[in-house]
Every structure is written in C-alpha cells, then in structure tokens.
1. Picking from Thr135, Thr127, Thr183, which residue would you name as being surrounded by fewer than 17 Cβ atoms within 10 Å (Cβ to Cβ), in a helix (DSSP H, G or I) and of a type in the set (Ser, Thr, Tyr)?
2. Cβ-Cβ under 7 Å, sequence separation 6+ or interchain: first residue in segment 110-139 and within 20 Å of Ala224 (Cβ to Cβ), partner surrounded by 13 or more Cβ atoms within 10 Å (Cβ to Cβ) and of a type in the set (Val, Ile, Thr). Which pairs?
3. What residue, of Leu53, Leu48, is within 22 Å of Ala182 (Cβ to Cβ), in contact with a Ser or Thr (Cβ under 8 Å, 6 or more places away or on another chain) and at pLDDT 90 or above?
4. Can you confirm whether Glu211 is assigned to a helix (DSSP H, G or I), surrounded by 13 or more Cβ atoms within 10 Å (Cβ to Cβ), without any contact (Cβ under 8 Å) to a residue 60 or more places away in the chain and among the acidic types (Asp, Glu)?
5. Could you please find all residues in segment 188-208 being in contact with a Leu (Cβ under 7 Å, 6 or more places away or on another chain), part of a loop (DSSP other than H, G, I, E, B) and of a type outside the set (D, E, K, R)?
6. Looking only at segment 97-124, count every residue that is hydrophobic (A, V, I, L, M, F, W, C) and exposed (fewer than 15 other Cβ atoms within 10 Å of the Cβ) and tell me the total.
7. Taking the conditions exactly as written (modelled with pLDDT of 95 or more and in contact with a His (Cβ under 7 Å, 6 or more places away or on another chain)), does Gly103 satisfy them or not?
Amino acid sequence: MDFLPWITDTACSIGGLSVPPGTTFFRRPRGRIRNVSHTRAPVPMHPLQQFELDLAALIGRPTNLRPFVCDGSPLTCDAFIVGFNPASASSTDFWEFWKPGYGFNKLLWFESYLHDRQAKPLKPGRTRRNPISNTRKVIELVIEAAQPVRCLETNIYAAASEEAKDLSEHRRITAPFDFLLATVQPKVIVAHGKDATAHVRNRAPNSAVIESNHFSRGFSNVAAVELGRRIAEKARDG
C-alpha cells in the first residue's frame, strides 16, 4: 500500500510529542502514521562567501584576470578607483591572494607584483625600471590620503596589457567590473582616464563620481593627496 505524504504547516502535538511546522509525515490512507522526517531550513550563506562564488562564476578559477585589488573585504570599501585595465600581468592566479572569510590579501599581492616587475625584460633601449609604476605610486598616495575611507582599485577591463591599445577586443569584457559596481555599490568613484569615465558615468547613479586624468603621466604627488582627501570628503557627505 502506498504511503501518503502530509506536511504540517503549523506546530501541533501528536502522541504527546510537540511537532514543529514543516514536519513531513508518511501515512497510510486510513491515517496511520508510518514515518516522520524533518526538513531543516537552509543556512544563509555569508555575504563574502556568496561574493566569492559569484565572482568565480564570472572570471573562472584559476584565472590570470585581475578584477580588483583591496585590503580585506571588498564589500566594506566605500570608494572605487577605476582605470582602463591592469598594465602589469601577474604570474600568479588571482585566487592565490584570496582568503575565505577575510577577502583579498594585498600585502601578498604586492610582493608578487614587485617580483613580476623585476623579472620582466626591459624594452629595447631601456637600462632600468622603477620598482613600481607611476600609476601604482599615485594609487597608493590616493588610498593613504583617503583614510579612513577604504578604497578598492579596479578597472573596466580585468585583463592585463602593457598598453591599452594592446588589449584585444575579445578580452575587453566589463562583466567583472559591472558585477563589482552592482554588488559593492560604492559611495564614491574616481574614474581616471576617458574610457573609464565614459563607462562609469551612466552606471553609478547613486555614487559620487570624480572624473580625473589618467594616473600614468603628469599626476603629481600633491594632486594625488588632494584627490584622496576629496574621496574622504565625499564619502562622509554621502
């Protein structure tokens, strides 16, 4: 004889036992209880864990893409610094710098960044290379001046190329950046460069957008510090 399922929608008492709602009984057609099973409500996933899974679905795992750099959880960053694309390719998988429950390990990433720049062959006619790029120097000054506001640095394209013109069309994918923007929803966005500015302008209606020249050339230390202070001010106002 087939057993019929019966799921309680309210708490009840059967045989002197308290039965919570959502309990499934299997009974014979005449009503005799044959078996009892409990269904537990799913445990909510931690936001950072969900972020990790969603990002991995977009960029893959492992990956040579660099969707962002920050110190700790990207979800608590109130400001974005947005460029075109990373200029320095990494020899290390992005996820090697990710720690579940913590976020991005910037110190570990920076050590890898310095190593990759040192190991990279020089262009013809060049005899030396600075330990960090001009863009990296400006970004670090901006981030320091913006404290205590936490900044996340990212690009509209996550694939690296030494020059913007060298980034092939099939690698110009904005999905990782668009995901970051929709998920984190920063209060302030600094877009440096025309391409970054054009992409951000109509995609962040709830963020204060600061448009800037690209950091790679002609950006002084004083200008970088002033920009960081503007970020902090706009974040407070927001």
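The values are calculated or read from the model by the stated rules, or taken from the named source; none is laboratory data. Predicted model only: the values in this text are computed from it and were never measured. No Cβ is skipped: glycine too gets one built from the backbone with ideal geometry, and neighbour counts run over all protein chains shown.
1. Unique residue meeting the criteria: Thr183.
2. These pairs meet every condition: Ile139/Ile81.
3. Leu48
4. No: the conditions fail for Glu211.
5. Ala204
6. Qualifying residue count for the region: 5.
7. It is false that Gly103 is modelled with pLDDT of 95 or more and in contact with a His (Cβ under 7 Å, 6 or more places away or on another chain).
Residues checked against (1) touching a Ser or Thr at 6+ places or on another chain (Cβ under 9 Å); (2) of a type outside the set (A, V, I, L, M, F, W, C); (3) assigned to a helix (DSSP H, G or I):
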site	(1), (2), (3)
Asn64	yes, yes, no
Ile81	yes, no, no
Ser91	yes, yes, no
His115	yes, yes, yes
